[in-house]
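Taken together, the values in this text are just the output of simple stated rules run on the coordinates, not laboratory data. All values reported here derive from a predicted model rather than from experimental measurement. Methodologically, a virtual Cβ is constructed for each residue, glycine included, from the backbone with ideal geometry; neighbour enumeration extends over all protein chains shown.
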Amino acid sequence: MLLSSDTANATTKSVGLAVIGFADAYEDLNPDVVVVLGDRFEILAAVSAALFYKIPVAHLHGGEITEGAYDDCIRHAITKMSHLHFTSTEAYRKRVIQLGECPERVFNVGAIGIENIKKTPLMSKKELEASLNFCLGERSLLVTFHPVTLSDSTALEQCQNLLDALQQYTDCRIIFTMPNSDTDGRIIMKLVHSFVSANSKRAISFQSLGKVRYLSALKYVSAVVGNSSSGIIEVPSFGIPTLNIGDRQKGRIAADSVIQCGTSTSEILKGLEKIFSATVIEKARVCHNPYEKEGTIEMILQVLKNVPLKDLIRKSFYNL
């Protein structure tokens, strides 16, 4: 039960068990290289084990900043244990180099998730609504709110403020997806379930929509609300606004379609008003996604195919 909870103690022990599991996997598989994406604690476990097995690591999405979560520290730690770096923007490439990584090993390839959007056949609105058993109506939101692990205010307080703001938008249909497994994630889940129960005619929740339904929902909802990285990285490619709440994603490069707001109810209400405004809707429709780059997957594959693996494990700190 402890390891299935969302406490700091359970998270810490989960990382330890994951390191043990990855050690067994590497012992059996003996991989030439390990490719990892992001900044989650389970990825830290995978890379930590690879370090002791002397397996080169290729890291996607390094150099980014999210000041409101401990993912920020994890991401930079993964960078220092990695040997090839595939960043999503040129600014992030420069930051990885600033961390002491050799420029010849750092490649700006864009976000792999954007290319995934282009290659994934999406559902029609009718198919999506049938799959969800939920009508999107004229105005709808996709909402995902994660714990802010380095914030002074609690997950309960921040999520309740969001739900209080959404309560005032009675004409809006809302799809909730559940938070991740960070500390206090279950508090958010409980609040969301209570909101959905009280607003069952216009709100619905899912543990996960899965890739196809999630991307299809982005095609048809009016906007995205919350503090997920997806709202900043993928959503702008769908031409809809994002309301990014609080500091969890603070520091990330964002498109013009991403509206930032604080965590109080009044600030969230002002943010919601903005994303439903004609000005922001039009801006989102035509804005450029800074994470979008042609040929992302091909660039990554070409580097992995051609890089000499023999001496890759050895690194020197690159001084600016």
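Please list, ordered by chain and number, the residues whose modelled amide H lies under 5 Å from the amide H of Ala223; skip anything fewer than 5 residues away on the same chain. Long-range HN contacts for Ala223: Ser140, Leu142.
Zone of Ile204 (label point 7 Å along Cα→Cβ, backbone N under 12 Å): which residues in region 109-129? Within reach of a label on Ile204: 126-129.
Among rounded, prolate and oblate, which fits the chain when a ≥ b ≥ c are the square roots of the eigenvalues of its C-alpha gyration tensor, a/c under 1.5 means rounded, and a/b larger than b/c means prolate? It is prolate, given that a/c is not under 1.5 and a/b is the larger ratio.
The angle between the Cα long axis of helix 185-198 and the main principal axis of the chain comes to about 20°, on a 0 to 90 degree scale. Amide H to amide H, with H built 1.01 Å from N, Val34 comes under 5 Å of Val57, Ala58, counting only residues 5 or more places away or on other chains. Mean separation of Cα pairs under 8 Å and 6 or more residues apart, divided by the residue count, gives the chain a relative contact order of 19 percent.
Between Arg139 and Ile313, residue separation times 0.36 nm minus the direct Cα-Cα distance comes to 57.5 nm. Under the simplified labelling scheme, the Ser194-Thr154 pair shows an inter-label distance of 1.1 nm, with each label point 7 Å from Cα along Cα→Cβ. Rounded, prolate or oblate: pick one for region 173-248, where a ≥ b ≥ c are the square roots of the eigenvalues of its C-alpha gyration tensor, a/c under 1.5 means rounded, and failing that, prolate if a/b is larger than b/c, else oblate. Cα axes put region 173-248 in the oblate bin.
Relative to the longest principal axis of the Cα atoms of the chain, helix 8-29 runs at roughly 50 degrees. Take 229-241, 83-95 and order them by the average number of nearby Cβ atoms within 10 Å per residue, most first; the result is 229-241, 83-95.
For a straight C-alpha distance cut-off of 24 angstrom, the lysines reachable from Lys201 (same-chain residues fewer than eight places away being disregarded) are Lys125, Lys126, Lys190, Lys219. Straight-distance candidates among the lysines for linking to Lys293, with alpha-carbon spacing under 18 Å and chain neighbours fewer than 8 residues away dropped: Lys94, Lys118, Lys119.
Inter-label distance, Thr7 to Ala278: 5.5 nm, where each label sits 7 Å from its Cα along the C-beta direction. What you get for region 123-286, charging only the Cβ of Lys and Arg (+1) and of Asp and Glu (-1), is a dipole of about 460 debye around the Cα centre. Between rounded, prolate and oblate, where does region 123-286 land on the alpha carbon gyration tensor, with a ≥ b ≥ c its root eigenvalues, rounded for a/c under 1.5, else prolate if a/b exceeds b/c? The shape class here is rounded. Seen against the Cα atoms of the chain and their longest principal axis, helix 71-80 is set at about 20 degrees.
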